[in-house]
Amino acid sequence: MHEGERPLAVTIAAIVAALIALSNLIGWVAGIEVNNESFSAGEVLPPVIVMLVAAVGMWYSRYWAVLGFEAILAILIVIIAIALTTASNVLAVVVSVAIIGAAGTLFWFLVKSLARIQMPDRRRPEPNR
């Protein structure tokens, strides 16, 4: 990987993270309710900030951002897989499987991208002479 080059999977992940943050923020500002309940700023803004930080970090090909987004994807996959066990209709199954498939695919390609980005070397102190 050349200096400043960003793997395609990392670019896609950065765009996905930004879109998630933007959609959550727009939904909150628009006053969208779930089960007749609205959300407070304290419930919406922390995940929006995390997604924006991840998006910006991945846009600049930062190892920590890609690794953190992979952790979020892994948690999402586990939660959706658990929810899949209680799916009550075909639509719920199809949506769950689609989310798991998309998140799993992105996770896989991000693992490969991490090897290309590589963790920066820690500077080792020079030995005392």
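The values are calculated or read from the model by the stated rules, or taken from the named source; none is laboratory data. In this text, all values refer to a predicted model and were calculated from it rather than measured experimentally. Quick reminder, even Gly has a Cβ in these numbers, built from the backbone with ideal geometry, and neighbours come from all protein chains shown. Heavy atoms of the whole protein, side chains included, go into the accessibility calculation; ligands, DNA and RNA do not. Shrake-Rupley method; radii C 1.70, N 1.55, O 1.52, S 1.80 Å.
Per-residue answers, yes or no, for (1) within 16 Å of the chain's Cα centre (by Cα); (2) over 25 Å from Gln118 (Cα atoms):
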residue	(1), (2)
Thr11	yes, no
Ser38	no, yes
Leu45	yes, yes
Val53	yes, no
Val56	yes, no
Ala65	yes, no
Val78	yes, yes
Ala81	no, yes
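For the range 64-90, enumerate the residues that are assigned to a helix (DSSP H, G or I) and loosely packed, with under 15 Cβ neighbours inside 10 Å.
Trp64, Ala71, Ala74, Ile75, Val78, Ile79, Ala81, Ile82, Ala83, Val90
Is there a residue being small (Gly, Ala, Ser) and open to solvent by less than 50 Å² (accessible area, probe 1.4 Å) anywhere in the range 115-127?
no
Please work out if Trp59 is open to solvent by 100 Å² or more (accessible area, probe 1.4 Å), farther than 22 Å from Ile100 by Cα, touching a residue at least 40 places away in the same chain (Cβ under 8 Å) and in contact with a helix residue (DSSP H, G or I) (Cβ under 8 Å, 6 or more places away or on another chain).
Yes: the conditions hold for Trp59.
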